[in-house]
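Only one structure is covered here, and it is reproduced in the block below.
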Amino acid sequence: MAGIGIFYGSDTGHTEDAATLIQQLIGEENADLFDVAKIKDASVVNNYDLIILGTSTWYLGELQSDMDNFRAALTDVDLSGKTFALFGLGNQVDYSDYFVDGMGILYNFLKDKGARIIGSWPVDGYDFASQLSLTEDGESFVGLALDEDNQPDETPERIAEWVEQVKSEAGIS
């Protein structure tokens with residue numbers, strides 16, 4: 001096992017763009033990038049020490065369809081003890097009640113499968129109502145929250161800070 005696998009599901013391209021920037025910041029030689037729509041065997045996650053999953057939230061708090069299918073495929077994969085970091089995209093203004101709920105769905109799934117999840121992110125600077133993607137204390141998201149509709153200028157800096165945080169928490173130099 002080695003390195004980092006970045007897996008994303010994207011309809012509009014925003015999640016793919018975020019995943020690509022994450023890979024660039026980690027170093028393309030250190031991280032493989034996967035569109036989950038093209039994965040034939042979900043057990044590929046077992047090839048990595050750190051798995052980063054990225055999804056958007058659609059409709060009334062649902063996972064992006066390709067990521068939902070990937071999650072279903074992961075049901076039969078032993079994820080206990082595996083290290084994951086999550087990032088999610090949403091619209092905190094128009095969909096405040098469902099902001100980054102897709103990330104919360106992944107978090108709960110992975111937690112139930114015994115995975116270790118790192119990379120929580122502070123809620124400061126966001127205005128939303130949903131609670132699904134929050135840590136138990138409600139002071140952080142379970143991963144990096146991005147809003148390309150209302151705060152696109154914040155994205156590069158948030159990703160850069162989060163990547164450094166995740167690398168530190170994962171013990172990667």
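Of the GluC sites (Glu not before Pro) found in segment 14-104, the ones in coil according to DSSP and having at most 12 other Cβ atoms within 10 Å of their Cβ are E28, E29.
If you bin all the Cα-Cα distances of the chain at 5 Å, starting from zero, the percentages per bin are 1, 9, 20, 25, 23, 15, 6, 1, 0.
For the chain, what does the accessible surface come to per residue with a 1.4 Å probe? Please give it in Å².
I get 47 Å² per residue for this part.
Between D11 and Q131, the simple label model (points 7 Å from Cα in the Cβ direction) yields a spacing of 2.7 nm.
Per-residue 3J(HN,Hα) values for segment 143-159, derived from phi via the Karplus relation 6.51 cos²θ - 1.76 cosθ + 1.60 with θ = phi - 60°, read x, 6, 9, 10, 10, 6, 7, 10, 9, x, 5, 7, 4, x, 5, 4, 4 Hz in sequence order (x marks Gly and Pro). In the chain, the portion of solvent-accessible area held by carbon and sulfur atoms comes to 43 percent [1.4 Å probe, whole percent, DNA, RNA and ligands not counted].
For the residues W121, W58, a 1.4 Å probe over the protein chains yields an accessible-area ranking, largest first, of W58, W121. Let me know the whole percent of all Cα-Cα pairs from segment 1-52 that are separated by more than 14 Å. Beyond 14 Å sits 49 percent of the P(r) for segment 1-52. Extension gain for the segment D76 to N47, taken as residue separation times 0.36 nm less the Cα-Cα distance, is 8.9 nm to one decimal.
Evaluated with a Cβ-only charge set (Lys, Arg +1; Asp, Glu -1), segment 41-84 carries a dipole of roughly 120 debye about its Cα centre, given to the nearest 20. Take A160, project a point 7 Å from its Cα along the Cβ direction, then tell me which residues of segment 3-35 have their backbone nitrogen under 14 Å from it. Hits in segment 3-35 for A160 at 14 Å: 21-22, 24-26.
Largest first and in whole Å, what are the equivalent-ellipsoid semi-axes of segment 120-159 based on the Cα gyration tensor, each being the root of 5 times an eigenvalue? Spell out each step's value before the answer.
Working: eigenvalues 66, 24, 11 Å².
Working from the Cα gyration tensor, I get semi-axes of 18, 11, 8 Å.
When nucleic acids and ligands are ignored and a 1.4 Å probe is applied, D32 ends up with an accessible area of around 70 Å². Distant-in-sequence amide contacts of T135, defined by a placed amide H-H separation under 5 Å and a gap of 5 or more residues or a different chain, comprise S140, F141, V142.
The values are calculated or read from the model by the stated rules, or taken from the named source; none is laboratory data. Predicted model only: the values in this text are computed from it and were never measured. FYI the Cβ positions are ideal-geometry reconstructions off the backbone, even for glycines, and counts take in every protein chain you see. Surface accessibility is based on the protein's heavy atoms, side chains included, excluding ligands, DNA and RNA. Shrake-Rupley method; radii C 1.70, N 1.55, O 1.52, S 1.80 Å.
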